């Protein structure tokens, strides 16, 4: 499954995911966090970042499953580093993203403070 960034925000990943989760709940959707890169790598302690060369890796990836009543869940991936976050929707070939749900997600993304870009696309895996 691949994900290409489709929306960027000038805020740390955890903060963006918190905002998204609250706004999805207000829209009648449920978001469940299924992965957090920083939590997964805690047992490895401090390590240099292989991508950015920093002493302590601040890369973050958080995966949310977004549920709407009567629809298949949608995977939302938030990838961040250096205080910036990129958001992507992931769509599996056997499951097409519902257009109403996609519209709600676009509204949620657009409502985030300090967006860098707001080109929302669906990512095929």
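The values are calculated or read from the model by the stated rules, or taken from the named source; none is laboratory data. Fair warning: this is a prediction, and the values are worked out from it, not measured in the lab. Cβ coordinates were reconstructed from backbone atoms using ideal geometry, including for glycine residues, and neighbour counts include every protein chain displayed.
Could you tell me whether segment 21-36 includes any residue that is assigned to a helix (DSSP H, G or I), within 20 Å of residue 101 (Cβ to Cβ), modelled with pLDDT of 85 or more and under 11 Å from the mean Cα position of the chain (by Cα)? Step through it out loud before you land on a result.
Our first condition is that a residue be assigned to a helix (DSSP H, G or I); within segment 21-36, this holds for 21-26.
Imposing the further condition that a residue be within 20 Å of residue 101 (Cβ to Cβ) reduces the set to 21-26.
Restricting the remaining residues to those that are modelled with pLDDT of 85 or more gives 21-26.
When the remaining residues are screened for being under 11 Å from the mean Cα position of the chain (by Cα), the result is 21.
Yes, there is a match, as at least one residue in segment 21-36 is assigned to a helix (DSSP H, G or I), within 20 Å of residue 101 (Cβ to Cβ), modelled with pLDDT of 85 or more and under 11 Å from the mean Cα position of the chain (by Cα).
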Hits in segment 74-100 (condition: without any contact (Cβ under 8 Å) to a residue 40 or more places away in the chain, more than 14 Å from the chain's Cα centre (by Cα) and on the phi < 0 side of the Ramachandran plot): 93, 94, 95, 96, 97, 98, 99, 100
When the residues of segment 59-73 are narrowed to those that are in contact with a helix residue (DSSP H, G or I) (Cβ under 7 Å, 6 or more places away or on another chain), in contact (Cβ under 8 Å) with a residue 24 or more places away in the chain and farther than 10 Å from residue 31 by Cα, which ends up surrounded by the fewest Cβ atoms within 10 Å (Cβ to Cβ)? 71
Scanning segment 91-113 for residues that are part of a loop (DSSP other than H, G, I, E, B) and touching a strand residue (DSSP E or B) at 6+ places or on another chain (Cβ under 6 Å), which turns out modelled with the lowest pLDDT? 97
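Would you check if there is a residue in segment 41-64 being modelled with pLDDT under 90 and either under 29 Å from residue 98 (Cβ atoms) or within 11 Å of the chain's Cα centre (by Cα) (or both)?
Within segment 41-64, not a single residue is modelled with pLDDT under 90 and either under 29 Å from residue 98 (Cβ atoms) or within 11 Å of the chain's Cα centre (by Cα) (or both).
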